[in-house]
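Contents: one structure, followed by commentary.
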Amino acid sequence: MSKRLVNILTPIFAVILGIIFGTIIMLVSGYNPIEAFIALGQGAFGDVYQIGEVVRQVTPYILAGLAVAFAFRVGLFNIGVEGQFIVGWLAAVWVGVTFDLPAIIHLPLAILAAMIAGGLWAFVPGLLKARFRVHEVIVTIMMNYIALHTVNYIVNTKMNQGSSKTAKIHETASLRSEWLSDFTTGSSIHWGIIIAIICCFIMWFLLEKTTRGYELRAVGFNQDAAHYAGMNVNKNIILSMVISGCFAGIAGAMEGLGTFGYMAVQGGFTGVGFNGIAVALLGGNTALGVFFAALLFGILKIGALSMPLAGVPKELVDIIIALIVFFVASSYIIRIVLERFSKKEVK
Amino acid sequence: MSGLLFSLSNTVLATASNGHSGLSLMQILMIVVPSTLLWAAPLVFTSLGGVFSERSGVVNIGLEGLMVIGAFSSIVFNLTFSDTFGSATPWIALLVAMAAGAIFSILHAVAAITFRADHTVSGVAINLLAVGLTMFLVKLIYDKGETDIIKHSFGKVDIPILKKIPYIGEIFFQNTYWTSFVAIIVAVIAWFFIYKTPFGLRLRSVGEHPMAADTMGINVTKMRYYGVIISGALGGIGGGVYAQSISQNFNHATISGQGFMALAAMIFGKWHPLGAMGAALFFGFAQSISIIGSSLPFLSNIPNVYLFIAPYVLTILALTGFIGRAEAPKADGVHYIKGSR
């Protein structure tokens, strides 16, 4: 069996295994899995409203997935997408609230601000990794909490317009449109999905078609070899974290400028960043893979909201997603099974 | 939790309005120290768990999830059996939490050691799974989003004999919690285990240089399984302590970041049991100050955001080497594959 085929089959097997285990859990708990999955399907595709909601949910997942995947390709694990996402959200809302500009400048400026905020937040772990060899996993986790508390503090004290929320962003910075909303009978869909798809292309082009992308991937494969070939490893490490943070920041802008239109004090993490890890892993860290994985998780998450109609708690989907991550991570064992399987076929 | 905060701030206010215009140092200490010990206890247990796992060479980002499992199982046991066991319930529930954490951590061990999964990814999966599974079960068992408040929790106690020591007794041993002292004792035991017994030497050796350990006849896989399972047990206890002394019930936000803070404490304590304990006590101090600080005279002007982020900033500084460099065990997060070099 070719390596390419194995690479495609592994995530598919992981998803199937996740769903099988989810079904077993439902059976053991005395729920009807068929009814539950029908409810999930209707919750995701029942009518245009639900499809609009799925698209809205998929948008930040794609971007968060791209952020994690981009860093992975350079051999870095960015668990800090959650934090970069939150600061991006705040930066976008800040621009959206503060300035009065025509839409053609205001919207790009707000997204740019989110990019810069996310990029700067990721710059710190990148710099510490490059300069002091500090493991980026720990630093990004710590940066997540620093982001959460700092952003909450700013929203609460500097931008609070009552009930722990900022003011609504100006219409000129909004990604929402009447037309899209009406078309999907009032869902919270917005134009962000176009930006997310463009970002998929950017990630693919940057990594596969440019010299810089080649260098970044080389550093990801083998730092010593890249160094020996005359590439600046430290510069590439910092750059990859910053680009990763930019993607995460844009994901935050999607929530700030599209879904919500404001920023509220967060009681805890939104989970977008952590789901981004799941998306990136399942998508094999490629742009196209991230797109499809985000689509799957978006469908599962929105569909899950209707599962209580069949009497099943929506958390079942979280269990399935966690199991999928588990099986993708343990792909070593899936690969061995697949290889055994294919060898037998040859004989 | 809000109930507890309320009662804490009430205590402060009551003490403050006790005729004096400000609080004496003694009064401040009598508020701050018990509260620090309260918040530190779960962190101490869990960070010790982290030490065991990472010393054996398995990165454990899943501490948060293990705490969730411990919190959930202790609350469910407490609610179910409080009539049977009476005031001993929290302690028995703690044992249940320990067992649940240990069993759940086997998942991480199997993935990270046997299936050669990336340790960090597997840890993330543990965290996601723990929250999903426990909330699923809460809805299955109680048919609502959170459990009831437990009847028997770890209440305030005066430690016998020690409480009579002048000054020190009043500050450290009155109005305090047994669990905090158990945590400190466990930290000392953990230090003894890791540094003074053959088991500890083996545990550390598979985390530093698994191949050398293997040549000396140590079963690397087995030692790493022990490390992870002990961390699961301690993480479960940490969650059980938090749930039964601070939150008093279980919902999706009961454990929100305590596991990661314990991870930070482990690193800030340089992967050493007593260091981790010290760091956990300090982080407990920061947490309790951020909650009661607004009622203390000298802290009311400082925005509590600084106290909230202090543990995390300090950990980054410690890793960077500004406060004595923290070095992880050499083979932390590295798979041991027999025969590879």
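Some notes on this structure:
- Set side by side, the residues B:T15, B:T36 differ, and just one is polar (S, T, N, Q) and either modelled with pLDDT under 80 or in contact with an Asp or Glu (Cβ under 8 Å, 6 or more places away or on another chain) (or both), which is B:T15.
One line per residue, one yes/no per condition, for (1) at pLDDT 85 or above; (2) outside any loop (DSSP other than H, G, I, E, B):
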| residue | (1), (2) |
| --- | --- |
| B:R116 | yes, no |
| B:V121 | yes, yes |
| B:E170 | no, yes |
| B:T179 | yes, yes |
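- The set of residues in the stretch B:89-128 that are touching a Ser or Thr at 6+ places or on another chain (Cβ under 7 Å) and among the hydrophobic types (A, V, I, L, M, F, W, C) comprises B:A93, B:L94, B:V96, B:A97, B:A100, B:A111, B:A112, B:I113, B:F115, B:A117.
- Listing of helices (runs of 4 or more DSSP H) fully contained in the stretch A:196-265 that carry 3 or more residues being touching a residue at least 60 places away in the same chain (Cβ under 8 Å): A:211-221, A:233-253
- If the condition is being touching an Asp or Glu at 6+ places or on another chain (Cβ under 8 Å) and of a type in the set (V, I, T), then the stretch A:62-78 contributes no residue at all.
- Sole residue being more than 30 Å from B:P210 (Cα to Cα) and either part of a loop (DSSP other than H, G, I, E, B) or of a type in the set (A, V, I, L, M) (or both), chosen from B:S256, B:S245: B:S256
- Test result for A:A113, in a helix (DSSP H, G or I) and in contact with a Gly (Cβ under 7 Å, 6 or more places away or on another chain): no
- Residues in the stretch A:148-165 that are more than 9 Å from chain B (Cβ to nearest Cβ) and within 23 Å of the chain's Cα centre (by Cα): 1 in all.
- Some residue of the stretch B:287-297 being at pLDDT below 95, closer than 13 Å to B:P42 by Cβ, part of a helix (DSSP H, G or I) and not small (G, A, S): yes
- Among the residues making up the stretch A:162-176, those that are touching a helix residue (DSSP H, G or I) at 6+ places or on another chain (Cβ under 9 Å) and not aliphatic (A, V, I, L, M) are A:S164, A:K165, A:T166, A:K168, A:H170, A:E171, A:T172, A:S174, A:R176.
- A:A71 being within 21 Å of B:T120 (Cα to Cα), touching a Lys or Arg at 6+ places or on another chain (Cβ under 9 Å) and not β-branched (V, I, T): no
- Test result for A:N275, in contact (Cβ under 8 Å) with a residue 12 or more places away in the chain, in contact with a helix residue (DSSP H, G or I) (Cβ under 8 Å, 6 or more places away or on another chain), part of a helix (DSSP H, G or I) and closer than 25 Å to A:V151 by Cα: yes
- Failed condition for B:D143, given (1) within 14 Å of chain A (Cβ to nearest Cβ); (2) of a type outside the set (K, R); (3) touching a residue at least 12 places away in the same chain (Cβ under 8 Å): (3)
- Some residue of the stretch A:302-311 being under 29 Å from B:I69 (Cβ atoms), under 17 Å from the mean Cα position of the chain (by Cα) and part of a helix (DSSP H, G or I): yes
- Residues that are under 23 Å from B:F260 (Cα atoms) and out of contact with any Leu (no Cβ under 9 Å at 6 or more places or on another chain) within the stretch A:151-176 comprise A:N152, A:Y153, listed in sequence order.
- Cβ-Cβ distances below 7 Å connect the following pairs, each with a first residue in the stretch B:307-327 that is more than 10 Å from every other protein chain (Cβ to nearest Cβ), a second residue that is modelled with pLDDT of 85 or more, and a separation of six or more residues or different chains: B:I323/B:L317.
- Considering A:S330, A:S342, the condition of being more than 14 Å from chain B (Cβ to nearest Cβ) and among the hydroxyl-bearing types (S, T, Y) is satisfied by A:S342 alone.
The values are calculated or read from the model by the stated rules, or taken from the named source; none is laboratory data. Computed from a prediction, not measured in an experiment: that's the story for all the values here. Reconstructed Cβ throughout: ideal geometry from the backbone, glycine too, with neighbour counts over all protein chains shown.
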